[in-house]
1. Scan the stretch 129-141 and give yes if some residue there is more than 17 Å from GLN25 (Cβ to Cβ) and free of Cβ contacts under 8 Å to residues at least 60 places away in the same chain, otherwise no.
2. Within the stretch 71-106, count every residue that is modelled with pLDDT under 85 and either closer than 22 Å to LEU155 by Cα or among the polar types (S, T, N, Q) (or both).
3. Looking at VAL294, is it closer than 19 Å to THR97 by Cα, β-branched (Val, Ile, Thr) and touching a residue at least 12 places away in the same chain (Cβ under 8 Å)?
4. Out of VAL36, VAL11, VAL30, I need the residue that is under 24 Å from LEU214 (Cα atoms), among the hydrophobic types (A, V, I, L, M, F, W, C) and either in contact with a helix residue (DSSP H, G or I) (Cβ under 7 Å, 6 or more places away or on another chain) or modelled with pLDDT under 90 (or both). Which one?
5. Just for the stretch 230-254: of the residues that are among the polar types (S, T, N, Q) and either surrounded by fewer than 15 Cβ atoms within 10 Å (Cβ to Cβ) or farther than 28 Å from ALA205 by Cα (or both), which one is farthest from the chain's Cα centre (by Cα)?
6. Across the stretch 43-59, what is the total count of residues that are exposed (fewer than 14 other Cβ atoms within 10 Å of the Cβ) and modelled with pLDDT of 85 or more?
7. Within the stretch 147-158, is there a residue that is basic (Lys, Arg), out of contact with any Asp or Glu (no Cβ under 7 Å at 6 or more places or on another chain) and crowded, with 21+ Cβ neighbours inside 10 Å?
8. Pairs please, first residue from the stretch 219-245 and farther than 23 Å from GLY46 by Cα and among the polar types (S, T, N, Q), second anywhere and surrounded by 15 or more Cβ atoms within 10 Å (Cβ to Cβ) and at pLDDT 95 or above, Cβ atoms under 7 Å, 6+ apart in sequence or on different chains.
Amino acid sequence: MGAEPLSKNEVALAQTQAPFVLGLQPSALVDHVARVDWSLLDQIPGEHGGSIPVELGELEHILREVKIHIVSCHDNDDDDYPSSHIKTLAGGSVANTIRGLSNGFGISSGIIGACGDDEQGKLFDHNMSSNGVDLSRLRKKKGHTAQCVCLVDDLGNRTMRPCLSNAVKVQAEELAKEDFKGSKWLVLRYAILNLEVIQAAILLAKQEGLLVSLDLASFEMVRNFKQPLLKLLESGNIDLCFANEDEATELLRGEQNADPATAVEFLAKYCQWAVVTLGPNGCIAKHGNEIARVPAIGEAKAIDATGAGDLFASGFLYGVIKGLSLEECCKVGACSGGSVVRSLGGQVTLENRHWMYKQMQIKDLPTPDTIQITNE
C-alpha cells in the first residue's frame, strides 16, 4: 500500500523551514495584567502567588473588581499600556518563552496549539506574529480563547487565575510528525489537563530527534499531581527541566532535605540540564558533573514577576543552543529574566531588551546582535 497523501497543512509545513524551537501550548492564552492592592487579593480564593483555574463568570467578576482596586505604578513601559490600566497581551508560560526566544534572541521559534475565532484569538495571533513567532502550527478553531488574570501586588509578586474552561485546545490526536520535523527543541509546561497532548507531543518529538524542555508550572500543580510528573521525568524523555524554589520544595516534600541544591541533584538524575530558579537569589543548575550558582540581575527594579521564569528559560535555552557553559547559560537566563520584571506583563519591552543586551555585554556574553542563529 502507498503512503497516505499529505494534508494541505502538512504540505505547507513541509514547504517552510522548521522553527529551531517549538513551544507546545495546547490553548492559546491572553493575559490581563494589573497592579492591584492587597484587599482584592484577600477576596480571591486560593493562596497568594499561586495559579488556580477559575470559571468564566469568576474571571469576569475579578476583572470588574480589578478596575476598582487597580493601583498605578511607576514603570518604564510603553505608552500603549499606562501603568494605571489593565495590560492585555498574548500570555501563557510557553508563549512567553517562545516570544522571548524570537524577539529577544533571534532564534526561529514556533508554537503548536489552538486559538479561538474571538477577539482574544485575534489579539494572541497578532501579538505573537508581530514578534516573529511562526504560527503555521497554531490551529484556528471556532470558540473561546483561554484567558488569565494576573494580579500584581506592591512587591511585584503575581497571583494568577486562568480561565481554561470551554477554551479551544489542540488535542493529542491532531498532532502529527510534520509538526515537529526539522526542529531541534520542544518547550513544554506541565499541566494535568494537558497530560495526554504533552505525552503525544513528547513521543512525536523524540521520534524526530528533538530535545525536550519542561517547566514545572506551579507549586499547586506539583503538589496535586506529583505522580504523573515523576513518570514524565523517569521516562528519560525530558532533557531540560526548570523549577522555581516553591515547585522544587513540593517535588521533594517529605524528604529529609528539600532544599534547592537537593532538588537540582534529584532532577539531574533524569535530565541533562536541571535548573532551579530562586527569585531574587538567582538560580542553581546542574549539567553532567558541572554545577553553577548565579545571582539574579535587575531584581532591585522589579515591578512585576510575571514571566520572570519564562524569560529566564528563553535566555537559558539561548545559551544552550549557542553552546555556552552552564554558568554562562545561567547568566543569560538571569539577564533575560531580569529584563521582564522591570515592567508589567510577560513580554519584554524594547527599552528593557536593550537593557538586557547591555547586561550581557557587561558580562561578556554573546548577544544576538553579534551572531545570527539559523536552523541548518
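The values are calculated or read from the model by the stated rules, or taken from the named source; none is laboratory data. Just so we're clear, the structure is a prediction, and the values are computed from it rather than from any experiment. Note: ideal-geometry Cβ built from the backbone for every residue, glycine included; neighbour counts use all protein chains shown.
1. Yes.
2. 13
3. no
4. Numbers: VAL36 fails: under 24 Å from LEU214 (Cα atoms); VAL11 fails: under 24 Å from LEU214 (Cα atoms).
That would be VAL30, the only listed residue that is under 24 Å from LEU214 (Cα atoms), among the hydrophobic types (A, V, I, L, M, F, W, C) and either in contact with a helix residue (DSSP H, G or I) (Cβ under 7 Å, 6 or more places away or on another chain) or modelled with pLDDT under 90 (or both).
5. Taking the stretch 230-254 first, the residues among the polar types (S, T, N, Q) are 235, 237, 244, 249.
So of that shortlist, the ones also either surrounded by fewer than 15 Cβ atoms within 10 Å (Cβ to Cβ) or farther than 28 Å from ALA205 by Cα (or both) come out as 235, 249.
Numbers: SER235: 22, THR249: 20 Å.
Checked the stretch 230-254; the qualifying residue farthest from the chain's Cα centre (by Cα) is SER235.
6. 3
7. Pass one, the stretch 147-158, residues basic (Lys, Arg): 158.
After this cut, where a residue has to be out of contact with any Asp or Glu (no Cβ under 7 Å at 6 or more places or on another chain) as well, the list is none.
Within the stretch 147-158, not a single residue is basic (Lys, Arg), out of contact with any Asp or Glu (no Cβ under 7 Å at 6 or more places or on another chain) and crowded, with 21+ Cβ neighbours inside 10 Å.
8. ASN237/ILE202; ASN237/LYS206; ASN237/VAL212
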